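Asks: Below is a structure I'd like to ask you about.
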Amino acid sequence: MGRHTEENGRNWWLGALAIVVALIFWQFVAVFVINDEFILPSPTDTFSAFIGLLGDGTLLLDIEASLIHFAIGLGLALLVGIPIGIIMGWSRRIESLVDPLIEILRPIPPLAWIPFAIIWFGLTAFSAGFIIFVGAVFPIIINTYSGFRGVPRVFVEAAKMLGCTKDRDLIRYIAFPAALPSVAAGIRIATGVGWMCLVAAELFGVSNFGLGQKLWFFYNLHQMDSVVVYMIILGLIGLAFDMIFRYYVDRHFLKWRMGEVA
């Protein structure tokens, strides 16, 4: 763990160098090859648009709206997906009952639910949250189910011999810790899928506010520098979610896998 962290600390400049090279290449292509701000705004144009959007408060309001939408959808997906995955992984009868329904609903694209989201919830935060929920809940269910199915039977038998006989205790103290890496992977996948669903839902008019909604709004105004600003913000927020989640889970729940047991 220590060596891995030290190596990351020494090599951080490689990522910074890649970003600098990409920006220089982007500036060169935009100015000397394309030379059309509508087709490809340059980094300098994009930065100027960012300063303007930040100054009038538009960008911050849209970030706030999108984060609210995302919190609603992912929160519901966690509340629904983890218990369903646990029950399916623990009971074969429940799995036989629920699995066909999940396998019918799972292939339906989340965007196909947009008409119903608008009818049921209107142009509200809950409408966008519902689309995120549909996209995020199935990776959580599947990975939680797989994690519980993969718990070694010897763990459960050993716990029973030591007096842990109730299903509730077996799930809490034996199965869930063993399945946690798979559950965490499902949540990480769901976070990425949910963030993409949020943008698509806002693009198609599920909400009057948000990063995706404004991206489409500025496209209609042919302000492509502002469009690029929103694209970059979307990517940075998605990256921040992933980095924070990985750091928190690895440090607080999965540090035993890295050889750190304190």
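Every residue, every condition in (1) touching a residue at least 60 places away in the same chain (Cβ under 8 Å); (2) in contact with a strand residue (DSSP E or B) (Cβ under 7 Å, 6 or more places away or on another chain); (3) in a helix (DSSP H, G or I); (4) closer than 27 Å to Pro110 by Cα, yes or no:
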{"position": "Phe155", "(1), (2), (3), (4)": "no, no, yes, no"}
{"position": "Ala158", "(1), (2), (3), (4)": "no, no, yes, no"}
{"position": "Cys164", "(1), (2), (3), (4)": "no, no, no, no"}
{"position": "Arg168", "(1), (2), (3), (4)": "no, no, yes, no"}
{"position": "Ile171", "(1), (2), (3), (4)": "yes, no, yes, no"}
{"position": "Phe176", "(1), (2), (3), (4)": "yes, no, yes, no"}
{"position": "Leu180", "(1), (2), (3), (4)": "yes, no, yes, yes"}
{"position": "Ala190", "(1), (2), (3), (4)": "yes, no, yes, yes"}
{"position": "Gly194", "(1), (2), (3), (4)": "yes, no, yes, yes"}
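Asks: Moving on to the next point. Please determine whether any residue of segment 28-41 is assigned to a helix (DSSP H, G or I) and crowded, with 17+ Cβ neighbours inside 10 Å.
Replies: yes
Asks: Here is a follow-up. Among the residues of segment 33-66, which ones are among the hydrophobic types (A, V, I, L, M, F, W, C), in contact (Cβ under 8 Å) with a residue 12 or more places away in the chain and within 27 Å of Ala117 (Cβ to Cβ)?
Replies: Leu59, Leu61, Ile63, Ala65
Asks: Please indicate, with yes or no, whether at least one residue in segment 52-66 is within 25 Å of Asn208 (Cα to Cα), hydroxyl-bearing (Ser, Thr, Tyr) and at pLDDT below 85.
Replies: yes
Asks: Looking at segment 67-86, is at least one residue part of a helix (DSSP H, G or I), surrounded by 14 or more Cβ atoms within 10 Å (Cβ to Cβ) and either more than 23 Å from the chain's Cα centre (by Cα) or among the hydroxyl-bearing types (Ser, Thr, Tyr) (or both)?
Replies: There is no residue in segment 67-86 that is part of a helix (DSSP H, G or I), surrounded by 14 or more Cβ atoms within 10 Å (Cβ to Cβ) and either more than 23 Å from the chain's Cα centre (by Cα) or among the hydroxyl-bearing types (Ser, Thr, Tyr) (or both).
Asks: Take Glu202 and tell me if it is at pLDDT 80 or above, acidic (Asp, Glu) and part of a helix (DSSP H, G or I).
Replies: Spelling it out, Glu202 is indeed at pLDDT 80 or above, acidic (Asp, Glu) and part of a helix (DSSP H, G or I).
Yes/no matrix, rows are residues, columns are (1) outside any loop (DSSP other than H, G, I, E, B); (2) assigned by TED's automatic domain parsing to the domain that holds Ser182; (3) free of Cβ contacts under 8 Å to residues at least 60 places away in the same chain:
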site: Ile108; (1), (2), (3): no, yes, yes
site: Pro115; (1), (2), (3): yes, yes, yes
site: Ala128; (1), (2), (3): yes, yes, no
site: Ala136; (1), (2), (3): yes, yes, no
site: Ile140; (1), (2), (3): yes, yes, no
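Asks: Return the residues of segment 67-101 that are under 9 Å from Ile141 (Cα atoms), of a type in the set (Val, Ile, Thr) and in contact with a Phe, Trp or Tyr (Cβ under 7 Å, 6 or more places away or on another chain); say none if nothing qualifies.
Replies: Ile86
Asks: Something else: For residues that are surrounded by 14 or more Cβ atoms within 10 Å (Cβ to Cβ) and in contact with a Pro (Cβ under 8 Å, 6 or more places away or on another chain), scanning just segment 228-261, find the one that is modelled with the highest pLDDT.
Replies: Taking the candidates together, the pick is Val228.
Asks: Filter segment 122-156 for residues that are in contact with a Gly (Cβ under 7 Å, 6 or more places away or on another chain) and of a type in the set (D, E, K, R) and give the result.
Replies: Selection gives Arg149 alone.
Asks: Here's another thing I want to ask about it. Which members of segment 185-218 meet the condition of being closer than 20 Å to Leu78 by Cα, buried (at least 20 other Cβ atoms within 10 Å of the Cβ) and of a type outside the set (Val, Ile, Thr)?
Replies: Gly186, Ala190, Gly194, Trp195, Cys197, Leu198, Ala201
The values are calculated or read from the model by the stated rules, or taken from the named source; none is laboratory data. Keep in mind it's a predicted model, so treat the numbers as computed, not measured. We place every Cβ from the backbone using ideal geometry, glycine too, and count neighbours over all the protein chains shown.
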